[in-house]
Amino acid sequence: MKGRLVIVAAALGSLAVAGCSSSGNNSSSSASAGSGSTSSASTKACTTSIGFEGPITGPVASLGDEQLHFAELAVSMDNAANHTKISLVQGDTQLQPAQAVTVTQQFTSNAGIVGVVGPAGSQEVEAVGSLMARAGMAFISGSATAVALTSGSYSTFFRVVSKDSVQGPQDANYIINNLHPKALMIVDDQEAYSTGLVSAMLPIFQAAGIKVDHESVSQKVTDFSSLVAKITPAESVVVLPWQIAANAQQFGRDIAQEHKSAVIFGTDGLFDPGTFTINGSYVSSFGPDITAIPADASIAQAAQAKYGSFGTFGPPVFAATHVIDEAIASVCKAGQTPSRSNVLAAIKQTNESTSILGQPISFDSHGDLVNGKFFLFKINSTGKYQLIPS
């Protein structure tokens, strides 16, 4: 199935939000928590396009739609603040590496696209990283967390979220220190994101003397009865570093049906309050709940008014999009025409004092977010995700 490509004419103000402040104030309460100020005189003719790669359809379409909506919102608000005319070109990856390759080939062959937001999954970044690098195309993910992505192989890749070498140990230590299992099961879903997290967590569990049953199952499997049957009474925790929340929901139902009491601990790929709602489960996330950040009130209200409720997958994509938008604006302010090379150079210089994520954004030499962190939530009996204070 070919990825659908739709030009979103954000430059025409279809998503315009009134009352946005200038990018020069570096405040996450505005659309432009950016790397520097811009002027209307120097950017009013600043016209170009950026791409968006995400799972707009497929098993995680709800998260892909959320990411798309926040990318659209960022472009609209930044255009209004910076007097730019940036358009967003959509590419549906369906969270499939092969589909991401198809979309990337379309984007890199389009000379009008100077940067890309996404893709969403680590396995997709692995599939397209070399293509992006050869094209000199900067791409910034708001959700790809595998450690290997910033090992030096993909020279134009950046991310505004932390990586699994932070998430894995943080989650593992929380489980050890707060859930106190004597034994546990951990199940990878055979994708790069999942296997990377397992590799980060296993040594910590083993060093703590916890007996670990490491299982593996394809993302395509939806009947987990045989896997649940393997959970022993001693295994009080099941760790699911998965990406498909519907699968975790079914896994939780199977646990209940088998009258087993193991607690599910999911990683950021399962953060989906509309799908994964198993009472008593834990979920870590690379992004905060921005509705709880006072400085983000205007952005949260704009998103809710336009799109309805949202979780933690959209705001990091807003942040990623904003970084590219500000890079483009800075290029135009310098009197240059935006190109892949000068936008890439500007992104490398990003130094936002604050952002929609409630933290500064700058990148190290490998494209990683400096001082990134993860957040932890527990699901209550009503399905609500409650933040556990750090």
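The values are calculated or read from the model by the stated rules, or taken from the named source; none is laboratory data. Predicted, not measured: the structure shown is a model, and the values here were computed from it. A quick note on method: Cβ atoms are made from the backbone with ideal geometry, for glycine too, and the neighbour counts reach across all protein chains shown. Ligands, DNA and RNA are stripped out before the accessible areas are found, and what is left, the full protein with its side chains, is counted by its heavy atoms. Shrake-Rupley method; radii C 1.70, N 1.55, O 1.52, S 1.80 Å.
Helix-only arithmetic for the chain: the sum of -39500 (n - 2.57) across DSSP H runs with n ≥ 4, divided by the residue total, places the mean residue ellipticity at 222 nm at -11000 deg cm²/dmol. When HIS83, HIS259, HIS322, HIS69 are compared by accessible area at a 1.4 angstrom probe, the order from most to least is HIS259, HIS83, HIS69, HIS322. Semi-axes of the equivalent ellipsoid of the chain are 37, 20, 18 Å, computed as sqrt(5λ) over the eigenvalues of the C-alpha gyration tensor in descending order.
Roughly how far apart, in whole Å, are the Cα centres of region 210-254 and region 50-87? Taking the Cα centre of each part, region 210-254 and region 50-87 sit 33 Å apart. Heavy-atom accessible surface of region 72-145, averaged per residue, reaches 23 Å², computed with a 1.4 Å probe. For the chain, averaging the sequence separation of C-alpha pairs within contact (under 8 Å, six or more residues apart) and dividing by the residue count gives a relative contact order of 21 percent. Please determine, in degrees from 0 to 90 and to the nearest 10, the orientation of helix 164-174 with respect to the longest principal axis defined by the Cα atoms of the chain, where the helix direction is its Cα long axis. Once rounded, the angle reads 40 degrees. For the chain, find the longest principal axis of its Cα atoms and tell me its angle to the long axis of helix 245-257, 0 to 90°, nearest 10. Approximately 20 degrees, to the nearest 10.
When the Cα positions of ALA133, GLY372, PHE271 are compared along the charge dipole of the chain, ALA133 comes out farthest toward the positive end, with charges on each C-beta of Lys, Arg, Asp and Glu. Taking 0.36 nm per residue of separation and subtracting the Cα-Cα distance, full extension of the segment from SER151 to SER362 would add 74.2 nm. The figure for GLU53 is an accessible area of roughly 0 square angstrom, using a 1.4 Å probe on the protein chains alone. Here, P(r) means the percent of Cα pairs in each 5 Å bin from 0 to the largest distance; for region 164-285 it is 2, 12, 26, 26, 22, 10, 1, 0.
Counting only heavy atoms of the protein chains and using a 1.4 Å probe, SER381 has close to 100 Å² of accessible surface. Taking only protein heavy atoms and a 1.4 Å probe, the accessible area of region 206-323 is 51% carbon and sulfur.
Structure note, pairs LYS163/LYS378; LYS260/LYS384; LYS182/LYS260: Cα-Cα distances above 18 angstrom occur for LYS163/LYS378; LYS260/LYS384.
Solvent-accessible area of ASP223, all protein chains in place: 100 Å² (probe radius 1.4 Å, heavy atoms, ligands and nucleic acids excluded). The label point for ASN351 and the one for HIS180, both projected 7 Å from the Cα toward the Cβ, are 4.8 nm apart.
Taking the longest Cα principal axis of the chain as reference, the axis of helix 61-82 is set at about 30 degrees.
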